[in-house]
Each structure stands twice: as structure tokens, then as C-alpha cells.
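Taking it in order: structure first as C-alpha cells, then the write-up.
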């Protein structure tokens, strides 16, 4: 494995890891979970400087042991993915308390991003689409979480995601119109829902506060959106591919954002579900290495000369 270091040019120090690339996922029944120390060691071996938090139970949920573990592998904490139920007012108080607990942990460990996903319920049931009034209710909840995050030095970003209330192009339009929250531009989930991520980057650059890079096989994505496949079954069939091997113009998204002076992280997220635990040095780490190679060989040479952050 090689280090991304200088070879990533303007992106050096800005490409981070996500535990989901190693099969660590918040969705119930997702698959086998690799031990944290193995995953963090593989991130370090790839030269990645930071990681998102991952699913509950993957990393310590208390600041001191979490900092100690990350420091052992020279990794910073970017933030993390937080599924919340905000359309149901009866659950609002509990969700805000959950947000405070997570934000406190993230802030204590130096993170900067609080990535919100709007789930139907804690069991990730198939979402019931919202209308404008429903999205306004969600927007009120997001505004409260914005304040929780901001008071702790974090930026909340809304994550469009298959099997959430911001899944389709229509959902994205409603959320853009009826909320003021910043966004996590996830290249794969936007395409899966029928949104052009390049156009999203051009039209909403001022609201992009975080980026997840993934590629998608759109034929499988359509089957997931049509409910012919569950999300996890779609992932097992190859829904998310190594960067450059799917149908997403990942390079154009990065170029568009860089041209508009985006200066945040690009988190590598190749959603993976593991049926068995791979041998050391094999499995997900090879795919993440291939994604880094894609950035080095396909994206970095095309970056504008002024991108020297």
C-alpha cells in the first residue's frame, strides 16, 4: 500500500476514510463488522489522515478512550453519520438529546462535522415520503440541531441517502427549499436517487459543507429504488463500486467543487457489506486503495492550478 501524501496534490490532507468502506454500518443486519484496530491500522497504512466515527459499537463512545485509540493510529476524527427521526414530533426531545450526546463526543475529540440522516425510525424502515409541510417540520428540527452543533464548534450537514426521507430527486428539492441546513454532497446516493451531483455542486456550492465520494452502478440502484432489492442486498450485488468503475462522474464533481473553492474533506465511502471476515491485507482495504489510485491518476491531474490549499 502506498501513502496518498504529495501524490494527491491539492487534495493532500483532505481525503479521509469512512468505516462503511470496511463494512461498518448503522443499518441493522448489515453484515460482519471488522475489529476497530484492524480497520484503523489499514486506514493508517493507506496514509489516510482522518476517519469518520462509524456505527455505534465500532469505536469507543467516551472521549478519552476514543482519543487514545485514534492517536495510536495517527488518525483525526472528521465527525460522523447520525441517523435521526425528525418528522415525528413525539420523538423530537429524544432525538435532540441524542444529538447533544453525539455532538459532545465529536467536539471533545476534535471533529468538525455532524452528518445527519433523516430515517423513518431507528429500525430503518422504508421511508414514507414527506410533503412540503412534513419537510418544514423536519426543517425546524434540523434548525435546532444546527444550534446544538454550532455551539460545540461543529457544522451539521444533511446527508441524502437511500432508504431515508431524503432519497429521491423530489425529496432533495423539498429539503433544499424548506430547510436551511448545509449539505453532505454524497455522489453515490444523489445519483441513486436521480440527482446529478455535478449540477448539485454547481447550483448549491454555498451549501456544501462536506463530501462523500462513492461510485454507483445505476442499474442496481434503480432496482433498490423500485424496492426490488433491499439496500443491503443491492450493496451485496455491487451497488457501490470502486471510484471510476461505476456510472458517477466523480471526477467532475471534485473539479466543480474545487473550482468553486470548496476547501473541506472528501471522505471515501464505498459502502460494503461483509458476509465473512476477509484475511489480513485483503478485502475492503484493496478497494479503498483503488479509490485513492483513481484520485491520484484521474482527478488530481485535472485540478485547476490555483487549488493549492
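The values are calculated or read from the model by the stated rules, or taken from the named source; none is laboratory data. Remember, it's a predicted structure, so these values are computed and weren't measured experimentally. In this analysis, Cβ positions are derived from the backbone assuming ideal geometry, glycine residues included, and neighbour counts consider all displayed protein chains.
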| query | If we scan segment 162-175, do we find a residue that is over 20 Å from the mean Cα position of the chain (by Cα) and part of a helix (DSSP H, G or I)? | reply | yes
| task | Just name the residue that is modelled with the lowest pLDDT out of those in segment 293-308 that are out of contact with any strand residue (DSSP E or B) (no Cβ under 7 Å at 6 or more places or on another chain) and surrounded by 14 or more Cβ atoms within 10 Å (Cβ to Cβ). | result | 307
| Test for residue 246: is it assigned to a loop (DSSP other than H, G, I, E, B), buried (at least 21 other Cβ atoms within 10 Å of the Cβ), at pLDDT 95 or above and touching a helix residue (DSSP H, G or I) at 6+ places or on another chain (Cβ under 9 Å) | yes
| note | Filter segment 61-84 for residues that are part of a loop (DSSP other than H, G, I, E, B) and more than 20 Å from the chain's Cα centre (by Cα); the one that is surrounded by the fewest Cβ atoms within 10 Å (Cβ to Cβ) is 62
| query | Any chance segment 147-161 includes a residue that's in a helix (DSSP H, G or I) and either touching a residue at least 60 places away in the same chain (Cβ under 8 Å) or within 25 Å of residue 251 (Cα to Cα) (or both)? | reply | no
| query | Of the numbered conditions (1) assigned to a loop (DSSP other than H, G, I, E, B); (2) closer than 19 Å to residue 27 by Cβ; (3) within 21 Å of the chain's Cα centre (by Cα), residue 87 satisfies every one except a single condition; which is it? | reply | (3)
| When you scan segment 90-121, how many residues do you find that are in a loop (DSSP other than H, G, I, E, B) and either surrounded by 15 or more Cβ atoms within 10 Å (Cβ to Cβ) or touching a helix residue (DSSP H, G or I) at 6+ places or on another chain (Cβ under 6 Å) (or both)? | 6
| request: Kindly indicate whether residue 272 is touching a residue at least 12 places away in the same chain (Cβ under 8 Å), assigned to a loop (DSSP other than H, G, I, E, B), touching a helix residue (DSSP H, G or I) at 6+ places or on another chain (Cβ under 9 Å) and closer than 25 Å to residue 49 by Cα. | output: yes
| task | May I ask you to say which residue of 26, 52, 64 is in contact with a strand residue (DSSP E or B) (Cβ under 9 Å, 6 or more places away or on another chain) and modelled with pLDDT of 95 or more? | result | 52
| If residue 184 satisfies every condition in (1) assigned to a loop (DSSP other than H, G, I, E, B); (2) touching a residue at least 40 places away in the same chain (Cβ under 8 Å); (3) buried (at least 16 other Cβ atoms within 10 Å of the Cβ) but one, which is the exception? | (1)
| said: Among (1) part of a loop (DSSP other than H, G, I, E, B); (2) over 18 Å from residue 16 (Cβ atoms), there is one condition residue 301 misses while meeting the rest; what is its number? | reply: (1)
| remark: Subset of segment 203-217, residues over 22 Å from residue 30 (Cβ atoms) and not in a strand (DSSP E or B), comes to 203, 204, 205, 206, 207
| request: Kindly indicate which of 229, 190 is in contact (Cβ under 8 Å) with a residue 12 or more places away in the chain and either assigned to a loop (DSSP other than H, G, I, E, B) or within 24 Å of residue 78 (Cβ to Cβ) (or both). | output: 190
